[in-house]
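Colleague: Got a structure here, written out as structure tokens. Questions coming.
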Amino acid sequence: MKPTDYYSEGALPLADILSSLSYALDLTSGYSSGHAQRTCLIGLRIASVIGLAQSQLSSLYHALLMKDAGCSSNAARMAEIFGADDIAVKRSMRTTNWSNTMEAMRTAAGNVLPGGSPIARLKKLLEMTSHREEISDGLTETRCDRGAQIALQIGLGEEAALIVRHLDEHWDGHGSPYHLKADAIPILARVACLAQTMDVFFTAYGVDAAYDVILRRRGTWFDPDLVRAAARFQTDYKFWASLAANPTDMLSNLEMRAALDDASEERIDAICSAFAGIVDAKSPFTAEHSSRVRDYAVQIASQMGIMGRRLTLLRRAAQLHDLGKLGVPNSILDKPGKPTPHEWAVIREHPGNSYRILAGIRGFARLAEIAGAHHERLDGHGYHRGVGAEELDLDMRILAAADVFDALSAKRPYRDALPLVTVYEIMDKDAGAALDPECIAALKSVYPTELTDGTRQEPQVLAA
């Protein structure tokens, strides 16, 4: 197969990148697809009513698209606490009023240890209840602080980071994790908290339900003045219909500076690095996986004479290849045993999700093709498309080899890291059928099983 253009020349809008990548965050946070985009549009509408400055609108715009960047960092802990699918738990939590003890208890009881015995479930529930505030604050602090760090990492600024950090604080001081109250909560964080709740209920139950909730929680969760501002556009049916139909188009048509800025090469690299970290934070068993695969792919490609723009694109594709894994629950990712047929089906969806998210970014079409092919095999028995050698170009083959190399040489829930000599034995058996023999040869050139002094090289000394 002849690859399409290695890179789409021309400026890449920062808004396009963040808006499309927000779909990956929706996957791991338990929200419906497009939640971050809709929240952004609702938040900007509230902000326009109260007359915020243009610089504040820019910070709010960026923060609301990236508000859930820290969600993967508490996924493993969430799964451990509930003994359940972390994404399903988060999804059920979205419409719960956690300030109401009985409502919180009912939600927890409905999610804890599904399939467990009544006694085990009751014991787990009592344990959670006795530490409810501590658990809630801990999970929220992990998510919000990590999200704020990512906002800074990709250059969104201190104000945007502050919004993300205080996203779940409530007007009455009973939010999380710092229990700030009233005006002590930054105004933009108050807008963000209101906007995300409005979208959850609007998407699930409609406009009237969203307004019923914010009116009931006025003065407890939400700033009363902001609730009054939101009421100004309750009957703007065109806005709500467009929001439900196509928030992506609404965002792309915004005429504000934050929506028009182009991303520099340095900014794109920072975003790729940040999202690689978001993916790898999902499970303790995938820590640094994306960065290692990036390094292995670059080293293989360099051995094979690939350089310049093409190498840059391959490096970015390697960093983002597992974006779709954000939609795989930790109850599957961290499972020590063999996946069930259903669990395996969920796992097999992730390359397709990676492709769809990345393909939504103007200029990322080629990157999406490479990333989405990382589990394809030369014999056509891979996934997600099941294509064969004639449709797998060299860049795709390099990424597949790098991914397998790391999967074998790193520790997994069901086994320890394998010795390098064993890694190559397994890869050699798949040479020609699953993996490209030339890519394996390039890897062996970079990481020989024996060094020049005769000592043996093992996985722990491979690229960081």
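Colleague: Quick test for you: out of A36, A104, A53, pick the one residue that is aliphatic (A, V, I, L, M), in contact with a Lys or Arg (Cβ under 8 Å, 6 or more places away or on another chain) and closer than 21 Å to R165 by Cβ.
Modeller: A36
Colleague: Is at least one residue of region 105-116 touching a Ser or Thr at 6+ places or on another chain (Cβ under 6 Å) and not aromatic (F, W, Y)?
Modeller: Yes, some residue in region 105-116 is touching a Ser or Thr at 6+ places or on another chain (Cβ under 6 Å) and not aromatic (F, W, Y).
Colleague: For region 204-309, which helices (runs of 4 or more DSSP H) that fit wholly inside it have 2 or more residues that are among the β-branched types (V, I, T)?
Modeller: Qualifying helices (runs of 4 or more DSSP H): 207-216, 265-280, 289-303.
Colleague: Criterion first (out of contact with any Cys (no Cβ under 9 Å at 6 or more places or on another chain), touching a residue at least 40 places away in the same chain (Cβ under 8 Å), surrounded by 14 or more Cβ atoms within 10 Å (Cβ to Cβ) and not in a loop (DSSP other than H, G, I, E, B)) does A148 satisfy it?
Modeller: yes
Residues are listed down the side, and each one gets a yes or a no for (1) within 21 Å of R315 (Cβ to Cβ); (2) in contact with a strand residue (DSSP E or B) (Cβ under 8 Å, 6 or more places away or on another chain); (3) among the acidic types (D, E); (4) at pLDDT below 95:
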residue	(1), (2), (3), (4)
H374	yes, no, no, no
Y414	no, no, no, yes
T422	no, no, no, yes
D428	no, no, yes, no
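Colleague: Ok, one more. Please tell me if L18 is farther than 20 Å from S252 by Cβ and either surrounded by fewer than 24 Cβ atoms within 10 Å (Cβ to Cβ) or within 14 Å of the chain's Cα centre (by Cα) (or both).
Modeller: No; evaluated as a whole, the condition is false for this residue.
Colleague: Also: Can you pull out every residue in region 126-145 that is at pLDDT below 85 and either among the hydroxyl-bearing types (S, T, Y) or part of a loop (DSSP other than H, G, I, E, B) (or both)?
Modeller: Residues satisfying the conditions are T129, S130, H131.
Colleague: Let me ask something else about it. Please count how many residues of region 364-390 are in a helix (DSSP H, G or I) and either free of Cβ contacts under 8 Å to residues at least 12 places away in the same chain or under 18 Å from D430 (Cα atoms) (or both).
Modeller: Adding up the residues that qualify gives 2.
Colleague: Suppose we filter region 107-143 for residues that are surrounded by fewer than 14 Cβ atoms within 10 Å (Cβ to Cβ) and under 25 Å from R165 (Cα atoms); how many remain?
Modeller: Counting residues in region 107-143 that are surrounded by fewer than 14 Cβ atoms within 10 Å (Cβ to Cβ) and under 25 Å from R165 (Cα atoms) gives 3.
Colleague: Tally the residues that are touching a Lys or Arg at 6+ places or on another chain (Cβ under 9 Å) and either surrounded by 15 or more Cβ atoms within 10 Å (Cβ to Cβ) or within 18 Å of G116 (Cα to Cα) (or both), restricting the search to region 337-354.
Modeller: So the count comes out to 7.
The values are calculated or read from the model by the stated rules, or taken from the named source; none is laboratory data. All values reported here derive from a predicted model rather than from experimental measurement. Positions of Cβ are backbone-derived with ideal geometry, glycine not excepted, and every protein chain shown enters the neighbour counts.
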